[in-house]
Amino acid sequence: MSRFLIFISAWLLAVPSPACELLVKAVDAVHSEPGKDARGSYKRGMVVVAMPDGHQWGARESLPTFVVIKLPGITVAKAIKYIAPQLDATTNTVRRRLWQIQVADIPLAARNKLLTTGSLTIGPTGDYTWVQFRNFIKNLETGLTETNNL
Amino acid sequence: MRIAAIALMLLGAATVSAVTTVTTTIKPAGQGGDYTTLSAWEAGQQADLPALDEIRVGSIDGDWSAGPDTAAVTIDGWTTDATRYIEIRTTTAARHPGKWDATKYVLSQSGAVAPITISESYVKCIGIQFYCATGRPINGQNAVMFFGDKLICKTLSANLGSRFTSGELRNCAFIGSGSETSAAVLLNTAAVTLNVYNCTIYGAVIGFAETQGTMNLSNCLYQSGGVASPDGYNSISGTCVNNCSDIASDAPGTNPQTGTITFTDAANGDFGLVAGVAIANGADLSATFTDDLAGLTRTVPWDIGARKYVAAAPAVTQFEDVFERP
């Protein structure tokens, strides 16, 4: 039994915990043409890329243009849904992203932390739990907030 | 008008002194770049370039041997024109050596999503490798005036090739899947012109094809690589000179060449010329450009295809052999 426990412990220590980081646009880009603005412009709260935990972001992948949402316990594969575009019935892109974090609706203390430090951690020991945070992630096609667990 | 637009874009800011060129870098994580993916660069640099009077350059640099850039890119939402445009280029460190090289920068997708979708006009891409397992390596749409130089595109099993609108391709190589139902280089936009110079397509069922618009082809090389039912040049209506195919009566236009070309290592994406009719049978396009896919300077007589012919070095005469001769 003790050898089994030692083996399991070693295995658990060796296997990395799933975790990812989302690079999120912190400011709106605006195009004067409405259709192109919707289709092409990144808006505040849209996820640009998802990377594994510990990703060393570039010098400009930070405020004022970007913030980082850290999701310990969530794999990149699960978070990748938030970088999908909104498509029409003929699979043409109508909006840059289907999902958008409603930054303005995040409680003030968390919003201030996000916009001053450039980062929030979402998880059991983070700034918010996933169940709390998903209330601020909106499906732009349906208008509904995220209800799924990742 | 469009010829003038391409010319202005190729000349760059040098001819319009007020334009500022803003260059930011894309490097792998931990190597000190401004961005770690081309996708983040595009998101961070979106702007109205004529209003700012800028050319914005994404300079891809660094050591990419640890793996490709796997964040798909869509270029859209900008405002550009012929003298205030988007340029994405690799530096020497990140650029392929004239053949497919997975240790250099590759924009890669493992599924059917195109690694790059170009929905913005006036975009230049130079020295970039694109890989898409089951979809288009380059997806051009809703845009005009794309300029591609020294690009290498590769698929695994895609039935779609790269799609372009108007503009120019030069010194590019396209490695087909052998499963194409659409061309490796496709023009399907009405009332536009795509000029294609010294590009090589290998192993694609359909090579160059035009369903709408006008494709002009010079010094282009199609080799079927043994695929079933090959068609190197499909419905081409533009001006074609000195193109080559391994299929009889396939290469269109003036001075077509037919024959099987021996490449350095086609199976691994090295289309250096070793033997065949592509050597020394190209038209001299030095009024337009002077280099090849590997950055070598072309000399007269020009060759057909993306790579300039480089003769093998002669065998070294052994010092002892000279003195042993009577």
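The values are calculated or read from the model by the stated rules, or taken from the named source; none is laboratory data. These numbers were taken from a predicted model, which means no experiment stands behind them. As a convention, Cβ positions derive from the backbone with ideal geometry for all residues, glycine included, and neighbour counts pool all protein chains shown. Calculation scope for accessible area: heavy atoms of the full protein, side chains included, ligands and nucleic acids excluded. Shrake-Rupley method; radii C 1.70, N 1.55, O 1.52, S 1.80 Å.
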query = Counting only residues that are surrounded by 20 or more Cβ atoms within 10 Å (Cβ to Cβ), within 12 Å of chain B (Cβ to nearest Cβ) and among the aliphatic types (A, V, I, L, M), how many does segment A:48-75 have?
reply = 5
ask   = If you take the residues in segment A:81-99 that are open to solvent by less than 50 Å² (accessible area, probe 1.4 Å) and in a strand (DSSP E or B), which one is nearest to the other protein chains (Cβ to nearest Cβ)?
value = A:GLN86
request  = Tally the residues that are touching a Gly at 6+ places or on another chain (Cβ under 6 Å) and more than 27 Å from B:THR80 (Cα to Cα), restricting the search to segment B:135-159.
outcome  = 1
query = Within segment A:28-37, is there a residue that is open to solvent by less than 60 Å² (accessible area, probe 1.4 Å), assigned to a helix (DSSP H, G or I) and either basic (Lys, Arg) or at pLDDT below 95 (or both)?
reply = yes
query = Scanning segment B:30-48 for residues that are buried (at least 19 other Cβ atoms within 10 Å of the Cβ) and assigned to a loop (DSSP other than H, G, I, E, B), which turns out farthest from the other protein chains (Cβ to nearest Cβ)?
reply = B:ALA47
message = Restricting to segment B:2-29, count the residues that are open to solvent by 50 Å² or more (accessible area, probe 1.4 Å), modelled with pLDDT of 95 or more and out of contact with any helix residue (DSSP H, G or I) (no Cβ under 6 Å at 6 or more places or on another chain).
response = 2
task = Please tell me if A:LYS78 is in contact (Cβ under 8 Å) with a residue 60 or more places away in the chain, more than 13 Å from chain B (Cβ to nearest Cβ) and open to solvent by 70 Å² or more (accessible area, probe 1.4 Å).
result = yes
query = Can you find even one residue in segment A:100-115 that is open to solvent by 60 Å² or more (accessible area, probe 1.4 Å), part of a helix (DSSP H, G or I) and among the β-branched types (Val, Ile, Thr)?
reply = no
Those residues of segment B:123-139 which are crowded, with 23+ Cβ neighbours inside 10 Å and within 14 Å of chain A (Cβ to nearest Cβ), in sequence order = B:VAL123, B:ARG136
query = For segment A:116-131, what are the residues that are surrounded by 13 or more Cβ atoms within 10 Å (Cβ to Cβ), in a loop (DSSP other than H, G, I, E, B) and more than 14 Å from chain B (Cβ to nearest Cβ)?
reply = A:GLY123, A:GLY126, A:ASP127
ask   = Does segment A:132-144 contain any residue that is under 20 Å from A:ASP53 (Cβ atoms), loosely packed, with under 13 Cβ neighbours inside 10 Å and not aromatic (Phe, Trp, Tyr)?
value = no
key: Condition check for A:ALA109: more than 14 Å from chain B (Cβ to nearest Cβ) and either over 12 Å from A:VAL24 (Cβ atoms) or of a type in the set (Ser, Thr, Tyr) (or both)   = yes
message = For segment B:221-265, give me each residue that is open to solvent by less than 50 Å² (accessible area, probe 1.4 Å), under 18 Å from B:PRO301 (Cβ atoms) and either of a type in the set (A, V, I, L, M) or free of Cβ contacts under 8 Å to residues at least 60 places away in the same chain (or both).
response = B:LEU221, B:VAL241, B:ALA251, B:GLN257, B:GLY259, B:ILE261
task = Select from segment B:64-79 the residues that are open to solvent by 10 Å² or more (accessible area, probe 1.4 Å) and at the interface with another protein chain (Cβ under 10 Å from one of its Cβ atoms) and write down the one among them that is nearest to B:LYS104 (Cα to Cα).
result = B:THR70
